[in-house]
Amino acid sequence: MTRSKARLMSQPWIASLLRPAASMAAAAFVCCALAFMSQPAAAATAAGTLISNTASATYTDTNGVNYSTQSNTVVVEVQNAPSLTVFTNNGAAPGTGTGVPNSCFADVYTLTNTGNGLGHFQLPTISPPFAGSDAGSVTTTSYSLSINGGATTTGMTLAALNAALAAPGGLIPAGGNVVITINYCIGGAVVPGTIISTVQANIKYLAADQPNPGGLVDTTSANVTNTYTDTITGDARLDLQKTVSITGPAGAPVVNYTVKAANGGNAAARSLTSVQGIGSGAPFTTPGALVVADNIPLFAATTLTLNGVPAVATNIGNGFVAGAVATIVYSTDPTGATGWSTSAANAKWIGVYVTNGAAYSPVVNTNGTSAAGNVPNPAITLTFSVNGPTGPGSGNANAVCNIANSVVGGDANNANPSQLVGPTIVTLVNDGSAGAPTQINNAINNSTSLANPSGASQLVCVAMPASRAVLNGPRTAPGATGSYDGVVAVSNDNDFTDVGFVQPAFTVVNGGTVPGTPNGNNFSAAVSGINVSSDVMNSGNVDDTYTIVATAPAGFTVQLFQDNGANAPSATPLGGATAGATSTATGVVVASGVTLHYWAVYSAPSGTQSLKRYDGNTIATSAADATIHNETHHELYSSFVALTKSVVIVTNCAGAVPANGVCPGGTLTYTLDYRTIVTIPGAGNTEPAAAILTTSAGSVVVTEDGAAAPNNWATFTNGLNGAVIDSNAWGTVFTYTPGPGPATATKFTAQLGGASGVLSPTGTAQGTLTFALTVK
């Protein structure tokens, strides 16, 4: 019973009407009075209203004098009495909504000030967090707000929403309201499922906000709560499963793909109209759906080529709609956005286009047995093969990767036009809308494995059969072939790099007398820093790790070093190598197709003989397969230009003469053999020029000075009998002293071959200088 009814019942006249002896008329009055009291109350009296009460009376005394009298006045002030309602679009009952995975919701709450003054709404609780079995699928949330029917502000954060409610503009009069919308989107959801949003609100009346603050006090209403329960139902959902295998002989692999598709959703997949924009001609003249789209994989930025004719199979028992037609189509567009046709020429994409004759007609019914990445009962099966790559890196894991994607028409809430369903389409888009072609292109270009709402296969990666190989050879030419001593067979294991060295300030003397068989003198000190650069190249199709072992000539030492990037050894050993008769570098990683520069630094011992070739070598071996290795040789020459002199004597003597004897008037004809002792590399070699030791151009100058000890022929002969003869017609430049001509000269120099002359085993390797003298 309300307080006003209780006061009415306490009046004697009302009580008397209720006594059993009351007349029927009185009973009728009571009935009418109670009916009146049951009508809705008028608007609450405004806070701050003053209710005054003063009693007055009149009376007459015994002398007939009339009197009037009045009591004191009692004033009562109406206090703040805040209250509110929180309604949903369904009124006072909890709200409801229905959607599908990867769609968005708008839960609308109306908060009405049902109290007697001005107040600010407050939100002790508002979603998120959400409740319900699919609460975890919520991906984004924002809020919208309209105050007293004003403009709606969208995209608000919770902080911005609360700030707007607390601002002066958020002061709501009695009977006024605010409309708060919780906007949220969901990703993949468990179907069927629910998401429950909540708004709990109160309203706070501040005395200062009221028109007549008087003796009011600040008051906050009790909390009022309402909810939305949004039901998630299953739309069409195309699940894809992709598998791969490799066949074919080594060196010519074939990559075989199978893509299985089935509708694992709760509604039929339907044909579209927007997809017609990506191709022209049949079959795109009839509305259909691009049920499967798979980019033909790339390797090294090049699209692989199809091997054989792709095929598509359909199965009505697994959901393919009777009467629908599946056609294999191709696109030459690298993005798959356009250019689709039935021609496989230069194809970069392959797909299956399914039509059933009219827009929004069903093409694949649900069969309920599939899931993303698992399609045991496919309605559609696409098979195709590509020629696998064989280049560098093709044997590495994940050498060839791709994902199959799809786009179909959904049937959410019987939407017409149908909504697009496919990976990356987070908010379902109506077919035929301006954004539909872009959404289709984005979906078929999806790169996330098993992306919701399905429609994407596994990321399938495959490596070609591993083919390990290594080349180890001269810098810039690891694959060179040669014969390091000119005798062994020309091969990739006998290639070489020549390097010359000599003890500083040391004069090399050939003690031999037979041209081509020098007998050099010995160095009196060790020679270090004999640097030889080599390249190791991973010529296989898979990244590999190598062990490189350098072996020094007898008595020498060697250490392997990294390259410093400026064509010199760095201070860092290669693979932990140390110096010794051998030096071993381990764990040398070289990617497929990559070449690594490295250095072998040799040291020759004291007493090393000059004019001699010393053979060192390195061998690189795969750590994964010891049968994969390659060797290169380092030919170290302790100087390499040998001079050998001989003489022919015309004695001019009357009698017998001892060996090497001569008489005055006799003639001495000298022959000076000059040659490089560097080994000729062998026919068919492919050694780079930089690997073969030669003299620099014009640098070989032979000097014959008859007055420079130990020579003394300037004193005992008449000088040169004539011009010096070079057996090679290659432009040798002679200078005679005294000049201007050779006759009687006691000194000459010969720049062999002139300014461009080079002594090389592959060019002019040797020759002779001949001159004659007559003994005085």
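The values are calculated or read from the model by the stated rules, or taken from the named source; none is laboratory data. Everything numeric here is computed off the predicted structure, so don't read it as measured data. Don't worry about glycine lacking a Cβ; one is built from the backbone with ideal geometry, like all the others, and counts go over all protein chains shown. To get the accessible areas, we keep the full protein, side chains included, count just its heavy atoms, and leave off ligands, DNA and RNA. Shrake-Rupley method; radii C 1.70, N 1.55, O 1.52, S 1.80 Å.
Brief remarks on what is shown
- Strands (runs of 3 or more DSSP E) fully within segment 400-444 counting 1 or more residues that are modelled with pLDDT of 85 or more, open to solvent by 30 Å² or more (accessible area, probe 1.4 Å) and farther than 21 Å from ALA189 by Cα: 400-402
- Qualifying residue in segment 255-263 (condition: assigned by TED's automatic domain parsing to the domain that holds TYR360 and in a loop (DSSP other than H, G, I, E, B)): no
- In segment 327-355, the qualifying residues are those that are more than 19 Å from SER274 (Cβ to Cβ) and open to solvent by less than 40 Å² (accessible area, probe 1.4 Å), and the one that is farthest from the chain's Cα centre (by Cα) is ILE328.
- Applying the condition of being of a type outside the set (Gly, Ala, Ser) and not in a strand (DSSP E or B) to segment 624-637 and asking which residue is most open to solvent (accessible area, probe 1.4 Å) yields THR627.
- Here SER606 clears all of (1) out of contact with any Lys or Arg (no Cβ under 6 Å at 6 or more places or on another chain); (2) surrounded by 15 or more Cβ atoms within 10 Å (Cβ to Cβ); (3) closer than 30 Å to THR507 by Cβ; (4) among the small types (Gly, Ala, Ser) except the condition numbered (2).
- Boolean, ALA151 is among the hydrophobic types (A, V, I, L, M, F, W, C), over 30 Å from VAL217 (Cβ atoms), out of contact with any Phe, Trp or Tyr (no Cβ under 9 Å at 6 or more places or on another chain) and surrounded by 18 or more Cβ atoms within 10 Å (Cβ to Cβ): no
- The residue that is surrounded by the fewest Cβ atoms within 10 Å (Cβ to Cβ), counting only those in segment 135-148 that are farther than 23 Å from ALA451 by Cα and of a type outside the set (Ser, Thr, Tyr), is ASN148.
- Residue in segment 299-317 that is within 30 Å of GLY368 (Cα to Cα), open to solvent by 60 Å² or more (accessible area, probe 1.4 Å) and of a type outside the set (S, T, N, Q) present: yes
- Subset of segment 638-682 [under 60 Å from the mean Cα position of the chain (by Cα), hydroxyl-bearing (Ser, Thr, Tyr) and in a loop (DSSP other than H, G, I, E, B)]: SER638, SER639, THR679
- Exclusive hit being without any contact (Cβ under 8 Å) to a residue 24 or more places away in the chain and not assigned by TED's automatic domain parsing to the domain that holds VAL255, set GLY511, GLY486, GLY516: GLY511
- The condition of being at pLDDT below 95, open to solvent by 20 Å² or more (accessible area, probe 1.4 Å) and in contact with a Ser or Thr (Cβ under 6 Å, 6 or more places away or on another chain) holds for only one of THR243, THR227, THR231, that being THR231.
- Exactly one residue out of GLY666, GLY698 is surrounded by 14 or more Cβ atoms within 10 Å (Cβ to Cβ), within 29 Å of THR749 (Cβ to Cβ) and touching a helix residue (DSSP H, G or I) at 6+ places or on another chain (Cβ under 8 Å): that is GLY698.
- Taking (1) in contact (Cβ under 8 Å) with a residue 40 or more places away in the chain; (2) within 30 Å of PRO253 (Cα to Cα); (3) over 21 Å from the mean Cα position of the chain (by Cα) in turn, SER457 satisfies each apart from (3).
- Being part of a loop (DSSP other than H, G, I, E, B), more than 32 Å from the chain's Cα centre (by Cα) and surrounded by fewer than 22 Cβ atoms within 10 Å (Cβ to Cβ) is not true of PRO392.
- Within segment 356-377, the set of residues being of a type outside the set (Gly, Ala, Ser), in contact (Cβ under 8 Å) with a residue 12 or more places away in the chain and open to solvent by 50 Å² or more (accessible area, probe 1.4 Å) comprises TYR360, ASN365, THR366, THR369, ASN374, ASN377.
- Residue check for ALA397: open to solvent by 20 Å² or more (accessible area, probe 1.4 Å) and of a type in the set (A, V, I, L, M, F, W, C): yes
- Taken over segment 116-134, the residue count meeting the criterion of being surrounded by fewer than 21 Cβ atoms within 10 Å (Cβ to Cβ), touching a Leu at 6+ places or on another chain (Cβ under 8 Å) and either more than 17 Å from ASN223 (Cβ to Cβ) or of a type in the set (A, V, I, L, M, F, W, C) (or both) is 2.
- Boolean, ALA566 is assigned to a loop (DSSP other than H, G, I, E, B) and surrounded by fewer than 21 Cβ atoms within 10 Å (Cβ to Cβ): yes
- Whichever residue in segment 476-488 is more than 20 Å from VAL641 (Cα to Cα) and of a type outside the set (Val, Ile, Thr) and, among such residues, is most open to solvent (accessible area, probe 1.4 Å): GLY479
- Filter result for VAL508 (part of a loop (DSSP other than H, G, I, E, B), buried (at least 21 other Cβ atoms within 10 Å of the Cβ) and either of a type outside the set (A, V, I, L, M) or at pLDDT 95 or above (or both)): no
- Qualifying residue in segment 675-682 (condition: crowded, with 16+ Cβ neighbours inside 10 Å, among the charged types (D, E, K, R) and out of contact with any Phe, Trp or Tyr (no Cβ under 8 Å at 6 or more places or on another chain)): yes
- Scope segment 581-623; condition assigned to a strand (DSSP E or B) and at positive phi; matching residues: GLY587
- Residue list for segment 560-580, restricted to those being without any contact (Cβ under 8 Å) to a residue 12 or more places away in the chain and either acidic (Asp, Glu) or at positive phi (or both): GLY565, GLY576
- Matching option when the condition is open to solvent by 40 Å² or more (accessible area, probe 1.4 Å) and among the polar types (S, T, N, Q), among SER449, SER491: SER449
- Filter result for THR112 (surrounded by fewer than 18 Cβ atoms within 10 Å (Cβ to Cβ) and among the polar types (S, T, N, Q)): no
- Flag if ALA293 is modelled with pLDDT of 95 or more, open to solvent by less than 10 Å² (accessible area, probe 1.4 Å) and touching a Pro at 6+ places or on another chain (Cβ under 7 Å): no
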